[in-house]
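What follows is a short report on a single structure.
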Amino acid sequence: MTIQWFPGHMTKARRQIEDKLKLIDVVIELLDARIPLSSRNPMVDEILKGKPRLVLLNKHDLADPQVTADWVRYFADQGFQALPIDAATGTQVKEILPRVKELWADKIATQIRKGINPRAVRALIVGIPNVGKSTLINQLAGKRIAATGDKPGVTKGQQWIKVGTEMDLLDTPGILWPKFEDQMVGMRLAATGAIKEELLHLDEIALFVIKYLVRNYGRGLQERFGIEELPHDLENINEVVKVMEAIGRKRGAIVSGGRVDLDKASLIILRDLRAGKMGRISMERPSEL
Ligand code: G4P
């Protein structure tokens, strides 16, 4: 797998965030509930050290609820409150403001004690491209402010956004990339659609996904594609390819000569996975750490 990697991007994003840091009270770190660690920017801990932080596990509607509950415990052990949300429908989004205020409660109390009217909490939203920042900002602001879309890495304008009178929000200045030079992280990001398909070998991602599904969600895979028997030896690539062929045949991805079009079959499995057609699936779990 070859992904272009430009360290210069990191330095720029880091500087842009550091410039804004003194204006920020609380950080909202948005992660993908299906892959909370792989969707994390590796520099965030270092850049934002000392800032109170709320972790949001977005796209919870697509993630395995039991695994998400494990992640909430995992983050609690690390000292962070984590809240599963679904920014697309707004589920649990109302819970964000009280949690943010809780993180800033001491400062609010001090202001009140000094006879000052507490000002709105200033929160910075950080997250890798495509994790759902624009969708969340639109939900929080109650209107369409940020442009959403399937365009990982597209920079958007920066401005403070008012969430009622109690919170002001700032979107990530610059682009925070994930740690995709790590092969497994790259695979998980590609599987969930966080990075462009053209950047990777489709069949390689699909084979990775099939192996993971056979291990963890075999039933969903069988039911979706009518596969009677799953491979027993996942180290044997031919057995895994057979599953891909069965998926292709089931969905009519056939080329001349009756062979299965493996690229098409790969796309089918990835699209179905991302749309939740095999059920709610998490691609990373704390028990694997
Ligand atoms: P970004 O600003 O962080 O780059 O992400 P953005 O909000 O543009 O969201 C990226 C994609 O993720 C969008 O889908 C968005 O609808 C989807 N999304 C965001 N939050 C959730 C969620 O909680 N659940 C689900 N299932 N999807 C979510 P898209 O296909 O690119 O666009 P569209 O379907 O909205 O047209």
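Read the figures in this text as sums done on the coordinates, not as results from a lab. Note that the coordinates shown come from a computational prediction; the quantities given were computed from them, not determined experimentally. We place every Cβ from the backbone using ideal geometry, glycine too, and count neighbours over all the protein chains shown.
Restricting the count to DSSP beta bridges whose residues both fall in the stretch 7-171, what percent are antiparallel, rounded to a multiple of 5? Show your work: numbers first, answer last.
Working: 5 of 24 bridges.
Among the beta bridges of the stretch 7-171, antiparallel pairing accounts for roughly 20 percent.
State to the nearest 20 debye the size of the charge dipole of the chain about its Cα centre, where the only charges are +1 on K and R beta carbons and -1 on D and E beta carbons.
Numbers: 44 positive and 37 negative charges, 268 e Å.
For this selection, approximately 1280 debye.
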_Taking 20 °C and 1.002 mPa s as the conditions, I'd like the Stokes-Einstein D for the stretch 7-171 in µm²/s, using the Kirkwood hydrodynamic radius from alpha carbon pairs._
131 µm²/s
*lysines with Cα under 16 Å of LYS211, excluding same-chain neighbours fewer than 8 positions away*: LYS242
*asked:* With θ taken as phi - 60° and the coefficients 6.51, -1.76 and 1.60, list the Karplus ³J(HN,Hα) couplings across the stretch 31-48 in order, rounded to whole Hz; mark glycine and proline as x.
replied: 10, 8, 4, 6, 8, x, 7, 5, 8, 8, 7, x, 8, 4, 4, 6, 5, 9
_Full-extension gain between LYS49 and ARG113, please, as 0.36 nm times their residue separation minus the C-alpha to C-alpha distance._
20.3 nm
*By how many nm would the segment from ASP182 to LYS22 lengthen if fully extended, with 0.36 nm per residue of separation less the alpha-carbon distance?*
54.4 nm
*Within 10 Å of each residue's Cβ, count the other Cβ atoms and sort ARG274, ARG259 from fewest upward.*
ARG259, ARG274
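Among THR192, THR172, THR135, THR11, which comes first, then next, by fewest other beta-carbon atoms within 10 Å?
On the way: THR192 27, THR172 24, THR135 21, THR11 12.
Lowest to highest Cβ neighbour count: THR11, THR135, THR172, THR192.
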*Straight-line reach from LYS114: which aspartates and glutamates have Cα under 15 Å away, leaving out those fewer than 8 places along the same chain?*
ASP106
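Between their Cα atoms, which of LYS49/LYS179; LYS94/LYS277; LYS22/LYS179; LYS59/LYS277; LYS12/LYS101 are more than 22 Å away from each other? Provide the component values of the computation, followed by the final result.
On the way: LYS49/LYS179 19 Å; LYS94/LYS277 27 Å; LYS22/LYS179 26 Å; LYS59/LYS277 14 Å; LYS12/LYS101 30 Å.
Too far apart for the 22 Å limit: LYS94/LYS277; LYS22/LYS179; LYS12/LYS101.
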_Additional length obtainable on full extension of the chain from GLN78 to ASP61, 0.36 nm per residue less Cα span_ = 3.7 nm
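Based on other C-beta atoms within 10 Å, arrange ARG40, ARG188, ARG34, ARG271 from fewest to most.
Working: ARG40 23, ARG188 26, ARG34 30, ARG271 12.
Neighbour counts put them in this order, fewest first: ARG271, ARG40, ARG188, ARG34.
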